[in-house]
1. If you check A235 against the conditions, is it farther than 26 Å from A296 by Cα and either more than 16 Å from the ligand (Cβ to nearest atom) or surrounded by fewer than 19 Cβ atoms within 10 Å (Cβ to Cβ) (or both)?
2. Looking at V26, V11, V68, which one is closer than 30 Å to G484 by Cα and free of Cβ contacts under 8 Å to residues at least 60 places away in the same chain?
3. Being under 22 Å from D55 (Cβ atoms) and not in a helix (DSSP H, G or I), is that true of even one residue in the range 206-225?
4. Just to be sure, is V495 of a type in the set (V, I, T) and touching a Ser or Thr at 6+ places or on another chain (Cβ under 8 Å)?
5. Identify the single condition in (1) more than 16 Å from the ligand (Cβ to nearest atom); (2) surrounded by fewer than 21 Cβ atoms within 10 Å (Cβ to Cβ); (3) among the small types (G, A, S) that S272 does not satisfy, given that it satisfies every other one.
6. Taking the range 418-435 only, how many residues are of a type outside the set (G, A, S) and either loosely packed, with under 15 Cβ neighbours inside 10 Å or in contact with a Cys (Cβ under 7 Å, 6 or more places away or on another chain) (or both)?
7. Please verify whether the range 192-212 includes one or more residues that are more than 15 Å from the ligand (Cβ to nearest atom) and touching a His at 6+ places or on another chain (Cβ under 9 Å).
8. Between I324, I351, which is more than 14 Å from A235 (Cα to Cα), buried (at least 24 other Cβ atoms within 10 Å of the Cβ) and outside the structural domain of A455 (by TED's automatic domain parsing)?
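The values are calculated or read from the model by the stated rules, or taken from the named source; none is laboratory data. Just so it is clear, the structure is predicted and the values come from calculations on it, not from any experiment. Reconstructed Cβ throughout: ideal geometry from the backbone, glycine too, with neighbour counts over all protein chains shown.
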Amino acid sequence: MAFERHPTALVESDAIGDGTRIWAFVHVLAGAVIGRGCNVGDHCYIEAGAVIGDDVTIKNGVSIWDGVTIERGVFIGPNVTLTNDRRPRSRAPWTLSRTLIREGATIGANATVLPGLTIGAFSMVAAGAVVTRDVPPHALVIGNPARVEGVVCACGATVRGSSPQTCRDCGRDVEARHGVAGAIPFVDLGANVADLSPDVFEVLRRVVAAGRYILGPEVAAFEREFAAYCGVDGAVGLDSGTSALELALRALGIGPGDEGVTQANTFIATASGIRYTGATPVLADVDPVTYTLDPAALERAITPRTKAVIPVHLYGQPASMTAIGAVAAAHGLAVVEDACQAHGARYRDRIVGSFGDAAAFSFYPSKNLGAFGDAGAVVSRRPDVLERVRGLRDYGQTAKYEHAVVGYNRRLDELHAAVLRLKLGRLDAWNDRRREAAALYDAALPGVGVVPPRAAPDRTHVYHVYAIRVRDRDGLRAHLATLGIQTGIHYPVPVHLQPACADLGYRRGDFPVTEVLAAEELSLPMYPEISAEQVKRVVDAIGAFGGRL
Ligand SMILES: Cc1ncc(COP(=O)(O)O)c(C=O)c1O
C-alpha cells in the first residue's frame, strides 16, 4: 500500500507512510517525514525537518515547520499556527526552536503554539488558544495566554475544573496528572527519589559543601565501589554509556578499517559507539528466546577485518557469554560487553561486566542504576585498558597540561558519582523488586494471550525492560494509553533500517528475529516501586483488550 495524493499536491519527500492521504494544494518538501495512516488537509505546507508520526490528522491551512515533531494519533485543527522562530525580528543569528506535540494531543482550530514548547500527551488545546508555556499531559488549556482549565479524561472527554472529579462520559475518576485516577507510568523516577529521600539530599549537600565538581573524591570512590561490585580490577567514570563503548573500543585498538560485530536489535548507541572509533558496525541477528546476540549469527558475520564483538545484555538479560567467548577466542576478537541495560545481571553466577576485555555501562536516569543526568563507566579486568580509557576521558592528560594522546572531555561529574554511590547500595534490592514484579507478570500474562519474556535458566535477568510480544502491538498500546497505562517500544525501527545506518547497506529481511521484535515488542511498566496491584491492573487491562490480540 502506498500513500495517496490529490493531483494538485506537490510531494517532494519520499518518507511518506502507507495509507497516508495528502489533499489539495499541499506542499511537502524533501526531508519531511510523515508516518502511516495520516490525513493532511488542503493547503498545508510541510517543511524539511518536520516529523509527523502515524495516524495524525492535520486539517487545512497548517504549516508544519522544521523542528516541529508530532507524535502518533495527534489531531491538529484548521489554521493552527506553529512556528520555529523564537525571535523573528532579531538580528542575532537564527536558531531553531523546536516544538513537540506528544501522542494523542488535540489542538483546536486557530490556536497558536509559541516555539520551543511541548504539548503533553492526550492534552487538548482549545480553539483559538495562544499557548505560551508547556501543556501538561491530559490538561485542557483555554484562552490567551492559555491556562489549564480542566482535565482530558482517558476516554477523550474534557472535564472542566480542578480534579479529582468524575468524567460524565465514562464515569472514571480523573486526576490532573494523567487524566485517569491511578495512572501507571512506564517508569517512575519520582517514586525512586522518594525512596532515597532524605539521604539523596544529604549526598548532594555533601558534594556542594566540598566544592569539588569534576574528578574528585566521589568519582574515585564510586569507581572503586562499582569495580568491586562488578568483580573487576577497575572502573573509569564517564559522561555516558555511549562514551564508554567508544572509549573501551579505542583503548583496545579498534579503529578505521576494523569491524565490530553487534546485534541488530539494540539501541542505536551500540552501533554509534563502534562507528565513533572509525570502525564499521557489522550486525547479526538475535536469539528468538533471549533476544540477545545469536552466537551462530555472530560466527557468520565474522570477516578478516573483524576485531571485536560487542554483545548486548539486552533488556537486562545477559547474552550467551560462554558461546560468544568461545567464538571470540577462536577468532582472536576483543569482547566489549554492552552492559548499559544490565547492572547487576548474572550469567551462570558471574556478574555482567566481568566477562569481556571491557564492559560499558550507562547510568542514564531511567537505568537500573541511574544518575541525575547522563553518566556512564567502563569496567575492565585489564589495567592497560583502564589506563588508556582514563587518559582518553580527560584530554589525554598524563599530568596537568601534558597530553600524551588526543583525548576528549568525557568525564563523570562528582554530583552524579555521589548519587550513584548511594544508589549502588540499593541496586540489588531494587533488582530483586523488579524480578518480583516480573514474576507476577510472568504468572499472569500467558493467560491473556501475549508472549512474556523468557529468562534463560542459567541467567539472572534484571528486567531493565519487561518486553512482551503481541501481534497487534500498536492496538494494545493505544488501548493501554486510554486507561492511563504508559508503555514503551524497544525498538520500533531496528538499527539496520535506520536512515542513519543506510550506508551500512542492510535491507529489510536481513535480520528476521529483530524485525519481528520491531513489529511486536511492547515494554510494560517496570520499576522497583511498582506494586502488585499496579501489575494486576496492567494485566487486567491487557486481558480486557483480549480477543483482538
Ligand atoms: C544497549 C544500550 N547501549 C548503549 C546505550 C547508551 O548509553 P547512554 O545513553 O548513557 O549514552 C544505551 C542507553 O540507552 C543502551 O540501552
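1. no
2. The unique qualifying residue is V68.
3. no
4. So V495 passes the test.
5. (1)
6. 2
7. no
8. From the options I324, I351, the qualifying one is I324.
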